[in-house]
Amino acid sequence: MTDPTSDRGVETAGFETAAVHAGQAFDPTTGAVIPPVHFSTTYAQDGIGGLRQGYEYGRSGNPTRTALEAQLAALEGAAHALSFASGLAAEDALLRAVLKPGDEVLLGNDVYGGTYRLIARVLGAWGIGIRVVDMSDLDQVRAALEERPARIVWVETPSNPLLRITDIAGLARLGHDAGALVVVDNTFASPALQQPLTLGADVVVHSTTKYLGGHSDVVGGALVLNDDALYDQAKFLQFAVGAVSGPLDAWLTTRGIKTLALRMQRHTENAQAIAEFLDAHDSVARVYYPGLASHPGHELASRQMSGFGGIVSIALADAASARRFAESTRLFQLAESLGGVESLMNHPDEMTHASVRGTELAVPPEVVRLSVGIETAADLIADLDQALAALGR
């Protein structure tokens, strides 16, 4: 790939360096170190068709969005990236670029409910089929692909919300042998902890709303890939359908990415401490966190990730306990989403995954998902401790 900072002689071998500098050349007019936000909807032409650096209209291209896309590609070690108005908009563009009526998607059985809803309820009416398997069990994946082909194999790892770990390299081999495109939703890990393209995946999907933006103040999504033809198809849909990220949204996401490595380190440290605390607590029936040696995917996660991430899920005694616990914390705020600097509490069955109730993706109602922020770990543990204590009263 072309080094997006090579015009300044910046070495981007290091992840942290790329996060700060990729696509971020200073403003040539003023020397401003932070590139300006380009709000213009249209661009003057040097005669009909004489576009300056390819910019014509805000939907087809914007310099602030271009800078973010260069940054995203650099983080995943990719040739291309596209930025969208939301994670689901990115997913929709990819699915429309690849699929035609009659095609099937082989989907993991523990993914974001919105992904399942998009494929099953929106694209299903267009003739797209969906099958669900446990992607962490490659024998199940192999059997499903041998039964009949799938055009796309789609996985989240770590998964949402049960933190299953899938062997990306192994999945890529199975998918490619069956002629399928292998797509990895890398939202939970972020490129700071995991880079699926280097393990054989074809496309990486992100909700940039989460760890990439990192401050719960901007919604966005991205596709990252190496295939030139698929990039051209997805870029056409980005333009033709128009679900692009606005300039301020792109700038806010870029701002967040610059501290991604530091934030992910703190998220992971806090999550590990909290997982260990919860694992030893009598009121907690089970802890889902790949950083625990007892987690079935611990060894695999240790090999394919550089850290275990900031999401911890737990199972309590029953649904009533889960609901009461989720509503009893003080620092952990009860809210949708994840990946911000602040800690959030979520009851998936009634919140993020309500759309998959009654399906193979249904989340047990006794499960609660914690998005562990970057606050002082002792304060977060104390908050969880008092909420668990309240269950016994």
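The values are calculated or read from the model by the stated rules, or taken from the named source; none is laboratory data. Treat the numbers as computed from the prediction; the structure is a model and nothing was measured. We place every Cβ from the backbone using ideal geometry, glycine too, and count neighbours over all the protein chains shown. Side chains included, ligands, DNA and RNA excluded: accessible areas come from the protein's heavy atoms. Shrake-Rupley method; radii C 1.70, N 1.55, O 1.52, S 1.80 Å.
Of note:
- Taking label positions 7 Å along the Cα-Cβ direction at both Tyr57 and His176, the computed distance is 3.9 nm, reported to one decimal.
- Computed magnitude of the charge dipole of the chain (debye, nearest 20; Cβ of K, R +1, Cβ of D, E -1): 620 debye
- Fraction of beta bridges assigned by DSSP in the chain that are antiparallel (%, nearest 5): 55 percent
- Under 5 Å from the amide H of Ser313 lie the amide H atoms of Tyr288, Leu370, each residue being 5 or more positions distant or on a separate chain, with H modelled from the backbone and absent for Pro and chain starts.
- Applying both filters, DSSP loop and at most 13 other Cβ atoms within 10 Å, to the chymotrypsin sites (Phe, Trp or Tyr not before Pro) of the stretch 303-347 eliminates every site.
- Highest GNM mean-square fluctuation among Ala70, Ala25, Ala261, for the chain modelled with Cα contacts below 10 Å: Ala25.
- Amide H partners (placed H, <5 Å) of Val182, local residues excluded: Val153, Asp202, Val203
- Within the stretch 258-393: Cβ-based charge dipole about Cα centre, in debye rounded to nearest 20 (Lys, Arg +1; Asp, Glu -1): 260 debye
- Given charges at Cβ of Lys, Arg, Asp, Glu: the chain dipole, positive-most of Leu278, Phe236, His206: Phe236
- For the stretch 167-271, the share of DSSP beta bridges that are antiparallel, to the nearest 5, is 60%.
- Reachable lysines, given that their alpha-carbon falls under 22 Å from the alpha-carbon of Lys210 and they are not under 8 places away in the same chain: Lys258
- Computed over the chain with a Gaussian network model linking Cα atoms closer than 10 Å, the most mobile of Gly242, Gly127, Gly14 is Gly14.
- Gyration tensor (alpha-carbon) shape descriptor, the stretch 315-372, a/c threshold 1.5: oblate
- Across the stretch 331-336, rounded Karplus estimates of 3J(HN,Hα) from the backbone phi angles (6.51 cos²θ - 1.76 cosθ + 1.60, θ = phi - 60°) give 6, 6, 8, 6, 6, 5 Hz, Gly and Pro being marked x.
- Residues in the stretch 246-393 average 41 Å² of solvent-accessible surface per residue, probe 1.4 Å, ligands and nucleic acids excluded.
- Rounded percent of accessible protein surface that carbon and sulfur make up, the stretch 66-127, 1.4 Å probe: 52 percent
- Look at the Cα gyration tensor of the stretch 60-156: its axes a ≥ b ≥ c give a/c of at least 1.5 with a/b over b/c, and that counts as prolate.
- Simple point charges give the picture: +1 on the Cβ of Lys and Arg, -1 on the Cβ of Asp and Glu, and for the stretch 117-225 a dipole about the Cα centre of about 300 debye.
- In the stretch 76-182, chymotrypsin sites (Phe, Trp or Tyr not before Pro) in a DSSP loop with at most 16 other beta-carbon atoms within 10 Å: none
- To put it simply, the accessible area of the stretch 176-295 at a 1.4 Å probe is 53 percent carbon and sulfur.
- Residue among Ala79, Ala90, Ala189 with the largest mean-square fluctuation in a Gaussian network model of the chain, springs linking Cα atoms under 10 Å: Ala79
- Amide H to amide H distances under 5 Å link Thr157 with Asp185, where only residues 5 or more positions off or on other chains count and H is placed in the peptide plane.
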